Amino acid sequence: MKRAEGQIEIRLPERRRQPETVVAHLGPTNSGKTHDAIAFLAEQGRGVYAGPLRMLAQEAHRRLAGLLGEEHVGLITGEERINEHAPVLCCTVEMAPGSGEVLVLDEVQWADDEERGAAWTELLLAGEYRHIRLLGALDALPLVRRAFADAVLRVHKRKLPLEFVGARQLRSLTPGSVVVAFSRKAVLALAGEINRLRPDRVAVLYGAMPLASRREEIDRFLAGSAEVCVATDVLGHGVNLPCETLLFAETTKFDGVERRPLLPWELAQIAGRAGRFGLVERGHVGVLVGLPWANADPDIVESALQPHVELPEGHRGYRIVDEARIGPRLGDLGVDDARDLDAALGAWHRVATREWAHESWLAVESLQPLRGRLAVVQRHLRERGRSLGLEDTWRLANAPIDPDGAELLGVLALALSGDRAQRPLLQFLLDTSRLRDARLEEAEEAGRVAAILRWFALQYPGVGGVTIERAAELERAAAERVVRRLAVEVRDGRIGRCRSCGRSCPPWFPLCDQCARTGRR
């Protein structure tokens, strides 16, 4: 352990040249901050938009291409590269270049994210751009002042006020309404109930959907062919879906550890989608009632519509974001052999925690996801008697893959090591014909697999027979299948209905309380 710690080099990111201007556009959802920063980027004609999600990067790409022309705007994410040498680039934060003319860094409060925050910190401390524009919630003002004490602050107010409208019944939903729940099953159950009242006029959004199917559902709602949208908190993470009325069906969520009440800033981020500027005078926010399992707390929703936390310079927000995360770079670890990576990561975490204990605004990023992916890669290689070099192992361990996709990462590691036995499995996964009769869950899984294979194909073209063209075709086919199966599931309306008597019941149970007590099946 001491030997590993002795090899560690702790280096904070730093820039050689200071930016000429730094402007922080801070404010709530639907306040115009992104519009102003994108307009500045378009006016300058050279630079980078960097956001936390592929969907946000795609949205910025569409907006900038509309302003400048497609030939002048590129898109770079972990899964795609379009016109990557264009003068204006739209990226996910991890893919953003380290220097340029203009940097528009979106959702700056993500610097405090314990798993991905280091990518924001890298740009905040070391991004060498002439002009930097920071976007985010006003909650991030303390963080902005830590990184750039003299940044110009532009506080944006909502274009439309939010009004709490109390409880609304299913039957009273009006066109342009969004209903929010916090699990896939709850969303599908709500969509089925609303579809009984508005046949084929319901759109659905949740995180497991491929991006293209999300876009199709969003377009249906914005065009009016779907009158109501039922969504998870994906609304608070990169989905631009202005609506007239937003109703919470739930105010608790499972966060991976426990089911807990939503925090005020989480509620406010979602509620901020209410209001269509130019169409209505204010956004309406309330709770949905009338279903036995939909039990949103109206008091915490109403309370969350007003910020209540004191911030510097006389402002108010929902929480204080004053830390940024730091993560390891391969060169910090002092290793030459991939087999030493895990021990080196543990040593880096211990040394970094000690080294930066005095830096009140820097915190060490969680290494658990990275070490988990590394363990899967090394286990698969070890079981097959294979090995990879240091840089390839590091790249795979840093792949943008959730824990659900970790086993596929092991298969890709074996393919990269030259294990031809993995090729038939990869060819099966790429075969779009397997989706012809796929259930909704199978199509969603194919979409997740496609995104991973797209990333791999960009890193290692052709390895294991994985190409960007075939991975993109799989993603397209998965998205189409998800849209078709969603329509069937919503029309069918069985989720959230007792399979014995047909009455409404919590969607996570197959039977209502009465049938469960009487032993019916």
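The values are calculated or read from the model by the stated rules, or taken from the named source; none is laboratory data. For clarity, every value in this text was computed on a predicted model and none was experimentally measured. No Cβ is skipped: glycine too gets one built from the backbone with ideal geometry, and neighbour counts run over all protein chains shown. Please note that ligands, DNA and RNA were not included when accessible areas were found on the heavy atoms of the full protein model with its side chains. Shrake-Rupley method; radii C 1.70, N 1.55, O 1.52, S 1.80 Å.
Annotations for the structure displayed:
- Packing around the peptides 430-437, 368-375, 102-109, taken as the average count of other Cβ atoms within 10 Å per residue, puts them in this order, highest first: 102-109, 368-375, 430-437.
- Alpha-carbon centroid distance for the pair the range 459-521 / the range 170-222, whole angstrom: 14 Å
- Area accessible to solvent at I468, 1.4 Å probe radius, in Å²: 50 Å²
- Magnitude of the charge dipole, the chain, Cβ model with Lys/Arg +1 and Asp/Glu -1, debye to 20: 1540 debye
- For the range 53-167, the Cβ-based charge dipole about the Cα centre amounts to some 600 debye (Lys, Arg positive; Asp, Glu negative; other atoms uncharged).
- Counted charge near R15, where neighbours are those whose Cβ lies closer than 11 Å (Asp, Glu -1; Lys, Arg +1): -1
- The range 111-160 and the range 285-317: distance between their alpha carbon centers, rounded to Å: 25 Å
- Difference of contour (0.36 nm per residue) and Cα-Cα distance, R379 to L12: 128.9 nm
- Counting protein heavy atoms only, the chain has 48 percent of its accessible area on carbon and sulfur, 1.4 angstrom probe.
- DSSP-defined antiparallel bridges as percent of all bridges, the chain, nearest 5: 10 percent
- Surface exposure of the chain, expressed per residue as accessible area with a 1.4 Å probe, stands at 45 Å².
- Solvent exposure, largest accessible area first (probe 1.4 Å, DNA, RNA and ligands not counted), of H35, H349: H35, H349
- Considering only A151, I468, L190, the residue lying farthest towards the positive end of the dipole of the chain is L190, judged by Cα position with unit charges set on Cβ.
- Computed extension length for H308-L197: 36.1 nm, one decimal, from 0.36 nm per residue of separation with the Cα-Cα distance subtracted.
- Fully extended contour minus Cα-Cα distance, from R46 to L263, at 0.36 nm per residue: 74.3 nm
- Loop-located GluC sites (Glu not before Pro) in the range 200-282 whose Cβ has at most 13 other Cβ within 10 Å (DSSP): E258, E281
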